[in-house]
């Protein structure tokens, strides 16, 4: 009985087999049955949302549940590595304290209220359009300018060139905005 117990002991197995202690001799029944957390999950390649570098990420999901977000080893930019912010992307989406509703504080109020996204977007669109209508200039010093300086846009660094081009066209030609910049430039 003692001999049987000792023969199952990993150190004795290592000595007997001449192994380095990294093989099956060191595994318990529990560790033999462990499986990767993303076994059976679908993987979607993505790009980190934090800066303009564009590090590759792999998003693992199963049954409409986010399982993990990791660096993409096939990414020519990051080669599977992520900075601390990129490595925390999973927490950004799954943290219990994450805000999931729009918070709005009315002028002169001391309280926040929750709004649904559609109401908040409608309020934003109404305010942008009202500001444009109120401040739009067709001419300045006898020259056609077709602009407003009352509203502006600051783009995010994760937008690619094509998205920035479309935003620039929409806001300059569509709304007449001239105060447009991008966070990547700052």
- prompt: Could you say which residue among 115, 154 is outside the structural domain of residue 57 (by TED's automatic domain parsing), surrounded by fewer than 14 Cβ atoms within 10 Å (Cβ to Cβ) and either closer than 30 Å to residue 56 by Cβ or touching a residue at least 12 places away in the same chain (Cβ under 8 Å) (or both)?
  reply: 154
task: Determine, yes or no, whether residue 86 is in contact with a helix residue (DSSP H, G or I) (Cβ under 6 Å, 6 or more places away or on another chain) and closer than 28 Å to residue 58 by Cα.
output: no
query: Of all the strands (runs of 3 or more DSSP E) wholly in the range 96-167, which have at least 3 residues that are out of contact with any helix residue (DSSP H, G or I) (no Cβ under 7 Å at 6 or more places or on another chain)?
result: 113-115, 137-140, 143-155
- line: All conditions in (1) touching a residue at least 40 places away in the same chain (Cβ under 8 Å); (2) within 30 Å of residue 54 (Cβ to Cβ) are true of residue 91 except (1)
Filter result for residue 43 (modelled with pLDDT of 90 or more and surrounded by 14 or more Cβ atoms within 10 Å (Cβ to Cβ)): yes
field: Filter pass, residue 17 being surrounded by fewer than 13 Cβ atoms within 10 Å (Cβ to Cβ), without any contact (Cβ under 8 Å) to a residue 12 or more places away in the chain and on the phi > 0 side of the Ramachandran plot
entry: no
- prompt: So how many residues does the range 119-138 have that are within 28 Å of the chain's Cα centre (by Cα), closer than 14 Å to residue 153 by Cα and surrounded by 12 or more Cβ atoms within 10 Å (Cβ to Cβ)?
  reply: 1
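The values are calculated or read from the model by the stated rules, or taken from the named source; none is laboratory data. Nothing here was measured: the structure is a model prediction, and the numbers come from that model. Every residue, glycine as well, gets a Cβ built from its backbone with ideal geometry; the counts of neighbours run over all protein chains shown.
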